[in-house]
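Every number in this text was worked out from the coordinates using simple rules, so none of it is lab data. These numbers were taken from a predicted model, which means no experiment stands behind them. Heads up, the Cβs are rebuilt from the backbone with ideal geometry, glycines too, and the neighbour counts pull from every protein chain shown.
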Amino acid sequence: MQGVYTILLLIVSNIFMTFAWYGHLKLQEMKIINNWPLFGVILFSWGMAFFEYCAQVPANRIGFQENGGPFSLMQLKVIQEVITLIIFTLFTVVFFKGESLQWNHLAAAVCLILAVYFVFMK
């Protein structure tokens, strides 16, 4: 179950991370924060990132082998990167209608799947 909890927490973490890093761009596009100074946008993003870390840190502690979890440090990182790109892709396709998926994005996804395969290989 530690592996499942780790992955679920990483998904939650990455949702907050994506909104912290890129959500302000959508809010600006929607004219909600288009007059905010950069410092205000940074504070807003930091506020979102707080919740990212509230899920990221426990995910890594629960999932790490040295703490009784099922994953090595390298495996945790590759899992996190794959989740990040999946969440980012969904976010981009749903919230930024001008962005579309291309063949090279699919090729990159295949490379990520191969990365997961290789990092878990014994």
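Is it the case that the stretch 55-66 has a residue that's part of a helix (DSSP H, G or I), in contact with a helix residue (DSSP H, G or I) (Cβ under 8 Å, 6 or more places away or on another chain) and touching a residue at least 60 places away in the same chain (Cβ under 8 Å)?
yes
List the residue pairs whose Cβ atoms are under 6 Å apart, where the first residue sits in the stretch 6-21 and is outside any helix (DSSP H, G or I), the second is crowded, with 19+ Cβ neighbours inside 10 Å and of a type outside the set (D, E), and the two are 6 or more positions apart or on different chains.
none
When you go through L10, L73 one by one, which is the residue that is surrounded by 13 or more Cβ atoms within 10 Å (Cβ to Cβ) and out of contact with any Pro (no Cβ under 6 Å at 6 or more places or on another chain)?
L10
Mind listing whichever residues of the stretch 22-41 are exposed (fewer than 12 other Cβ atoms within 10 Å of the Cβ) and assigned to a helix (DSSP H, G or I)?
Selection gives L38, F39.
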